[in-house]
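The values are calculated or read from the model by the stated rules, or taken from the named source; none is laboratory data. All of these numbers come straight from a predicted model, not from anything done at the bench. Neighbour counts run over all protein chains shown; Cβ positions are idealised from the backbone, glycine included. The protein model used for the area step is the full one, side chains on, heavy atoms only, and it has no ligands, DNA or RNA in it. Shrake-Rupley method; radii C 1.70, N 1.55, O 1.52, S 1.80 Å.
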Amino acid sequence: MSSFLSRIGSRREESPPTSGFVNGEVSFWHRQIGMPTPRSALQGDRQYDVAIVGAGYTGLWTAYYLKRDQPDLRIAVLEGDFAGFGASGRNGGWLSAEPPGQLRRYAAARGWPAAADLQRQMFKAVDEVVEVCSTEGISADIHKAGVLHVATNPAQEARLRDHLPQLRAAGWGSEDLIELDRSELSNRIRIQGAVAAHWSPHCARLQPAKLAVGLAAVVEGLGVDIFEQTRVTEIRPKQAVTEHGSVYADYVIRATEGFTAGIKGHRRVWLPMNSSMVVTEPLSEAIWDEIGWASAELVGDGAHSFGYMQHTADGRIVIGGRGVPYRFGSRTDVRGATSSDTQHQLRDLLVRYFPAAGKIELDHAWSGVLGVPRNWCASVHLDRRTGLGWAGGYVGHGVAGTNLAGRTLRDLVLGRDTGLTRLPWVDHTVRNWEPEPVRWMAVRSLYVAYRAADRREFGGSPHTAAIARLADRISGR
Ligand SMILES: Cc1cc2nc3c(=O)[nH]c(=O)nc-3n(C[C@H](O)[C@H](O)[C@H](O)COP(=O)(O)OP(=O)(O)OC[C@H]3O[C@@H](n4cnc5c(N)ncnc54)[C@H](O)[C@@H]3O)c2cc1C
């Protein structure tokens, strides 16, 4: 164990962020621990038992569980940039039991008991990540104080209430989800305009890049080969083709989430949806006294454009939201660079909720891509004949979901028939997105509609705006 940890130390220097506002550069989380020196690229053709494309949480958890359970497996992870370059090193740090997909859709396909199984496994996945980090010595600022979903206007409150029966049907019991009124909420956190909230214990805060980097080091220490700066251009049965040679393997697992459109033949599979974040400078004690939030729960609002927040281990607020939702042709951002409009929107949201933070500076803004399937439901798949597999399409709920997917892929690759391989997201089929320019026009229109609906609802309208209901129906949300 200590050798893995000393290796992390030799690759990265723990250093506080330099002063001055930074835009992009992957994420604040990576800057906080020092940008990595990439591992070596693949050199020429190689043979393995399992090739995994992408060194985000999906790829790394899959490698971890496979190698831990069957140490003689030869496993290669092929990563275009560096481990944690994607959403895994940029996210909001909600290690949450919310399922990566719509339970009602899984229920429609396989029944409510199957959807409830998935939910039970998501509850467990949160604790599994916490436990593995502890046993493997991955220090990722993990703190399990639960999550608050806060209604910040009457329409959001109505949606929170309407959503409750579905959650109860899926197994969220009275201890898994507790309703809070305005005054109970203000004992925890004081958000301007908040009218009601739900609190659940099934969520932990973490520093995303610390998890990705730490997990990569653990996986490498177990004997998995990680090749960085090695972009896979094509995935074929039993072969991953890169610019530096091919990896031939019995199983080739695609774990590329929001970047999947960049692989030959996969352009319309998952839509790369942007999410953007900003982080404040550390807040003074006086400001924290006004806000409360002493337990560092994760906090989200009920807006259609969804604002989500973290109280970081070093006393900052990270706030995220949709920003520019989608780029024509499924393009992704350049190392997380974020438009100034999006930065202003997120700052306005922060100040709307916490007027006491009105004068504080932002330190960093960045963006990343989620993988969004046409019906907003994640899937895990392995074809034993061709050896091709994948997991992803988590939309915004992949931090815990990737762990469950990694264990499920392990069972599928090892040919085990387990409770995990029977979960309803295994082999869940989803149709492709529409071709361009329809895709771009549709997503842009949807987010114009969601923003208009949010404006109406913040203006006091007590019901979900009709335009948002229509957008939900068209988008498949
Ligand atoms: C801003 C933001 C905030 C989020 N907040 C949360 C949150 O708080 N909670 C939550 O549960 N989820 C959140 N998510 C979603 C979550 O981060 C993802 O679902 C999860 O990290 C997906 O992990 P992954 O390994 O599947 O994909 P990624 O982490 O994106 O990893 C894919 C990897 O594949 C590599 N790659 C891509 N193409 C190729 C190629 N052709 N060849 C080789 N390598 C390639 C990429 O470089 C990348 O490293 C957020 C996402 C974003 C963007």
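For this structure, a couple of remarks:
- Count - residues of the stretch 25-55 that are closer than 20 Å to Val219 by Cβ and among the charged types (D, E, K, R): 3
- Check on Asp427, without any contact (Cβ under 8 Å) to a residue 12 or more places away in the chain and of a type outside the set (A, V, I, L, M, F, W, C): no
- Test result for Gly59, in contact (Cβ under 8 Å) with a residue 60 or more places away in the chain and part of a loop (DSSP other than H, G, I, E, B): no
- Restricting the stretch 413-433 to residues that are farther than 16 Å from Arg68 by Cβ and among the hydrophobic types (A, V, I, L, M, F, W, C), the residue that is most open to solvent (accessible area, probe 1.4 Å): Val430
- Entirely in the stretch 158-210, the strands (runs of 3 or more DSSP E) that have 2 or more residues that are open to solvent by less than 20 Å² (accessible area, probe 1.4 Å): 196-200, 203-205
- Each residue in the stretch 371-385 was checked for being open to solvent by less than 10 Å² (accessible area, probe 1.4 Å) and under 20 Å from Ile75 (Cα atoms), and 1 of them qualify.
- Strands (runs of 3 or more DSSP E) wholly inside the stretch 361-477 containing at least 1 residues that are under 25 Å from Ile142 (Cα atoms) and either touching a Phe, Trp or Tyr at 6+ places or on another chain (Cβ under 9 Å) or among the β-branched types (Val, Ile, Thr) (or both): 362-372, 388-392
- Some residue of the stretch 100-120 being under 30 Å from Phe354 (Cβ atoms), at pLDDT 95 or above, crowded, with 24+ Cβ neighbours inside 10 Å and out of contact with any strand residue (DSSP E or B) (no Cβ under 6 Å at 6 or more places or on another chain): no
- Listed conditions (1) modelled with pLDDT under 95; (2) over 24 Å from Gly320 (Cβ atoms) are all met by Leu167, apart from (2).
- Of everything in the stretch 386-410 that is near the ligand (Cβ under 10 Å from one of its atoms), open to solvent by less than 20 Å² (accessible area, probe 1.4 Å) and of a type in the set (Gly, Ala, Ser), the residue that is nearest to Pro99 (Cα to Cα) is Gly401.
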